[in-house]
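What follows is a short report on a single structure.
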Amino acid sequence: MVIKANVVCSFFSACLLLLVLSVGPALGQQELDAANEINQQAMKLYQAGKYAEALPLAIKALEIREKALGHEHPDVAMSLNNLAEMYRAIGEYQKAKPLFQRALVIQEKALGPHHPDVAITLNNLGLLHKTIGEYSKAESLLQRSLGIQERDFGSNHPNVTKPLANLAALYFASGDYQKAELLMQRSLVITEKALGPDHPDVAIIAINFARLYDAIGDYPKAERMYQRGLAILEKSLGPTHPSVAQALNNLAGLYRMMGEDAKIEPLLRRALEIREKAFGPDHPSVAE
């Protein structure tokens, strides 16, 4: 992964499909309404990082949908994708993988091989293969996901930036820094054109670039990119936003590698103050 854990808002996360179901047949509609409500509860818990609480709700929603809609309905595939993503988030990769695969089979059969939902499941499964070190399988899946997005929206549409970033993260993880840099550059150009040079998404890409340059030992470029990302976040989100604290941490880490110890402490002290104010004194981010 190009960004360290908890860095700002990662582009390299899987796409969670916690969506409201379309209206089902009259038979079982009450059950489907219940599944919708459970689904929304699961979404809130997942987004809050409460995976242990979200997981049983996702399982329940899947059970209801399978009973009401059958085992090959697209909404069942969506539920499978949700549940698989939750297993992926807690590290239960062997449970996640067959659920993603089953969702993909259902979607390809019901929606066709080029449907946007297929692209999302391909992305999720590709990221799972990346996580477990199966880079060749991950590359094939992520490239196919990117191809669908490009086909649907065009090669320069903002919607392709996240698939580009995911594929770049794969190449970074596998040590192919040249391919990673090319994809990141393409993502940066599209994002700057669509959102402007001071958008938080541009900051995320800049920080990803910094991580890449850090990895190859080009510290001056890494420093410039970290500083650019930090400046954008301070301007767009405010100087006390938690994402600013993470960017400060990243820059301090680079200065540690460069041996510039005098620059480290002020950055870490400021990051600590931001996190204590945002999360309280006992939060894991404060401990970090």
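The values are calculated or read from the model by the stated rules, or taken from the named source; none is laboratory data. None of the values given here were measured: they were computed from a predicted structure. Cβ placement follows ideal geometry from the backbone for every residue including glycine, while neighbour counts extend to all protein chains displayed. Please note that ligands, DNA and RNA were not included when accessible areas were found on the heavy atoms of the full protein model with its side chains. Shrake-Rupley method; radii C 1.70, N 1.55, O 1.52, S 1.80 Å.
Ordering ASP218, ASP75, ASP33 by accessible area with a probe of 1.4 Å, largest first, what comes out? Write out the running numbers ahead of the final one.
Numbers: ASP218 45, ASP75 15, ASP33 80 Å².
Order by accessible area, largest first: ASP33, ASP218, ASP75.
Want the number for LYS235 to PHE279: 0.36 nm per residue separation, take away the alpha-carbon distance, what's left? All intermediate terms of the calculation are to be shown ahead of the outcome.
Numbers: separation 44, 0.36 × 44 = 15.84 nm, distance 2.11 nm.
Gain on extension, LYS235 to PHE279, equals 13.7 nm.
Tell me the carbon and sulfur percent of the accessible area for the chain, rounded to whole percent, probe radius 1.4 Å.
Working: 7390 of 13760 Å².
C and S fraction of accessible area: 54 percent.
When the dipole is taken about the Cα centre of the range 175-258, and only Lys, Arg (+1) and Asp, Glu (-1) are charged at their Cβ, what size is it in debye, to the nearest 20? Spell out each step's value before the answer.
Values: 9 positive and 9 negative charges, 7 e Å.
That gives a dipole near 40 debye.
Taking a 1.4 Å probe, which of ASP176, ASP282, ASP198 shows the most accessible area, and what order do the others take after it? All intermediate terms of the calculation are to be shown ahead of the outcome.
Numbers: ASP176 50, ASP282 145, ASP198 70 Å².
The ranking, largest first, comes out as ASP282, ASP198, ASP176.
Hey, what do the phi angles of the range 135-151 turn into as Karplus ³J(HN,Hα) couplings, whole Hz, using 6.51/-1.76/1.60 and θ = phi - 60°, x for Gly and Pro?
Those phi angles translate into 5, 5, 5, 4, 4, 4, 5, 5, 5, 5, 4, 4, x, 5, 5, 5, 5 Hz.
Go through the range 257-263 residue by residue and turn each phi into a ³J(HN,Hα) via Karplus (6.51, -1.76, 1.60, θ = phi - 60°); whole Hz please, and just put x for glycine and proline.
Those phi angles translate into 5, 7, x, 9, 5, 5, 7 Hz.
With every protein chain left in place and a probe of 1.4 Å, what is the accessible surface of MET78, to the nearest 10 Å²?
Accessible area, nearest 10 Å²: 20 Å².
Quick check: pseudo-label points 7 Å beyond the Cα along Cα→Cβ at GLN227 and GLU63, how many nm apart are they?
Roughly 5.8 nm, to one decimal.
Considering the values (1) 134; (2) 174; (3) 199, which represents volume of the Cα convex hull per residue in Å³ as calculated for the structure under consideration?
Of the listed options (1) 134; (2) 174; (3) 199, (1) comes from this structure.
State the extension gain, in nm to one decimal, for the chain segment bounded by ASP152 and LEU195, taking 0.36 nm per residue of separation less the distance between their alpha-carbons. Please list the in-between numbers first.
Details: separation 43, 0.36 × 43 = 15.48 nm, distance 1.99 nm.
In short, 13.5 nm is gained.
With +1 on each Lys and Arg Cβ and -1 on each Asp and Glu Cβ, how big is the dipole of the chain about its Cα centre, in debye rounded to the nearest 20? Could you put the intermediate results ahead of the total?
Working: 30 positive and 32 negative charges, 63 e Å.
Value, rounded to 20: 300 debye.
Given an 8 Å cut-off on Cα distances and at least 6 residues of separation, report the relative contact order of the range 238-284 as a percent.
Numbers: 32 pairs, mean separation 20.9, N = 47.
Relative contact order here is 44 percent.
Per residue of the range 74-91, what does 6.51 cos²θ - 1.76 cosθ + 1.60 with θ = phi - 60° give for ³J(HN,Hα)? Whole Hz please, x for Gly and Pro, Karplus curve as stated.
Per residue, the Karplus-derived 3J(HN,Hα) values read x, 5, 5, 4, 4, 5, 4, 4, 4, 5, 4, 5, 5, 4, 4, 5, 9, x Hz.
In terms of Cα to Cα distance under 23 Å, which lysines are near enough to LYS44, apart from those fewer than 8 places away along the same chain?
Reachable lysines: LYS60, LYS95, LYS162.
Quick one: ranking VAL189, VAL202 by accessible area, 1.4 Å probe, largest first, what do you get? Numbers along the way, then the final one.
Values: VAL189 80, VAL202 0 Å².
Largest accessible area first, the list is VAL189, VAL202.
Any idea of the accessible area per residue across the chain, 1.4 Å probe, to the nearest Å²?
Numbers: 13760 Å² over 288 residues.
Per residue, the chain has 48 Å² of solvent-accessible surface.
Below 8 Å between Cα atoms, with a sequence gap of 6+, how large is the relative contact order for the chain in percent?
Details: 390 pairs, mean separation 39.6, N = 288.
It comes to 14 percent, rounded to a whole number.
Where a Cα-Cα gap under 16 Å defines reach, which aspartates and glutamates qualify for LYS221, not counting those fewer than 8 residues away within the same chain?
GLU181, GLU260
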